[in-house]
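Only one structure is covered here, and it is reproduced in the block below.
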Amino acid sequence: MLELQHVSLQFDKKKILDDISLSISEGEIVGIIGKSGMGKTSLLKIMSAHLTANSGEVFYAGNLLVGPNEKLIPGYEDLQVVNQDFALDLYHSVEENVREKVLHLPKKEQLVLIDEVLSLVELDELRLQKAHLLSGGEQQRLALARALACEPTFIFLDEPLVHLDQALRFRIMNYLIRLNEVRNTSIVLISHDGSELMGLVSRLMHLQNGKIVR
């Protein structure tokens with residue numbers, strides 16, 4: 001379980017998040033929606049230990065998560081994030097970007113998993129392309145492939161469908177549902193458009209003025 005207790009955040013005296021407490025159970029698919037500037041991305045970064053709140057605590061599996069203010073390399077392997085800056089190794093190839101996430105596996109299993117996730121996001125024909133030469137949509141798909149290759153317990157997705165065409169969007173949504181069913185992966189998606197999440201999530205939260213309002 002992931003649990004936030006009384007989390008608040010402000011930048012330059014502007015309140016971004018205001019005393020948010022929530023919990024996400026193992027195996028849940030949760031959507032967080034809200035207009036631009038409502039703090040959705042900040043909330044996701046705090047959940048995944050990539051941003052330190054001004055107050056409040058975040059627990060995963062009963063353990064207090066340490067944010068980047070106290071941890072040299074932010075984040076945790078079990079909590080994978082796909083955000084809008086993608087965090088790719090731009091001068092490595094598509095295949096190398098994914099391989100970096102599976103080096104702990106035997107060589108044969110690495111190849112199988114790389115092939116699986118690149119096929120899913122339709123980048124198998126670009127596997128030798130350098131990441132900086134990809135389009136924005138292709139970079140987003142590569143970031144998603146990297147996260148999926150880690151086989152995380154939680155995966156956090158920031159506007160994951162925004163650059164995708166309808167067919168690929170449908171395919172990735174189905175894959176996420178299957179991932180949840182087979183591995184019991186918990187998935188948190190944020191979006192400005194609740195309608196695109198309705199067929200995917202089990203629970204939808206509406207963030208407004210720094211609070212979960214419904």
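The values are calculated or read from the model by the stated rules, or taken from the named source; none is laboratory data. Since this is a predicted model, take the numbers as computed values, not measurements. Here Cβ is always computed from backbone atoms with ideal geometry, including for glycine, and neighbour counts include all displayed protein chains. Areas reflect the complete protein model, heavy atoms only, side chains present, ligands, DNA and RNA absent. Shrake-Rupley method; radii C 1.70, N 1.55, O 1.52, S 1.80 Å.
Some observations on this one:
- Length-normalised contact order for the stretch 8-53 - Cα pairs under 8 Å, 6+ apart - percent: 29 percent
- Per residue, the accessible area of the chain comes to 50 Å² when a 1.4 Å probe rolls over the protein heavy atoms.
- Paramagnetic reach from His92 (point 7 Å along Cα→Cβ, amide N under 17 Å) across the stretch 128-144: 128-134, 139-144
- Cα-based shape type of the chain, given that a ≥ b ≥ c are square roots of the gyration tensor eigenvalues and the cut on a/c is 1.5: prolate
- A simple packing score, the average count of other Cβ atoms within 10 Å per residue, orders the peptides 157-166, 37-46 as 37-46, 157-166, with the highest score first.
- The stretch 132-214, accessible surface, carbon-and-sulfur percent (1.4 angstrom probe): 49 percent
- Here the stretch 1-109 has 50 percent of its accessible surface on carbon and sulfur atoms, given a 1.4 Å probe and all protein chains in place.
- Mean separation of Cα contacts under 8 Å (6+ apart) over length of the chain, as relative contact order %: 31 percent
- If R0 is taken as 35 Å, the Cβ-Cβ distance between Met1 and Asp115 corresponds to a FRET efficiency of 0.60.
- Extension gain for Leu105-Asp12 works out to 29.1 nm (0.36 nm per residue, less the C-alpha to C-alpha distance).
- Residue pairs, from the table Lys13/Lys101; Lys14/Lys101; Lys71/Lys107; Lys101/Lys211; Lys40/Lys71, whose Cα atoms sit over 29 Å apart: Lys13/Lys101; Lys14/Lys101; Lys71/Lys107; Lys101/Lys211
- Beta bridges per DSSP, both residues in the chain: antiparallel share near 50 percent.
- Estimated FRET transfer efficiency (Asp19, Asp78; beta-carbon r; R0 35 Å; 0.05): 0.85
- Separation between Cα centres of the stretch 163-182 and the stretch 15-50, rounded to whole Å: 21 Å
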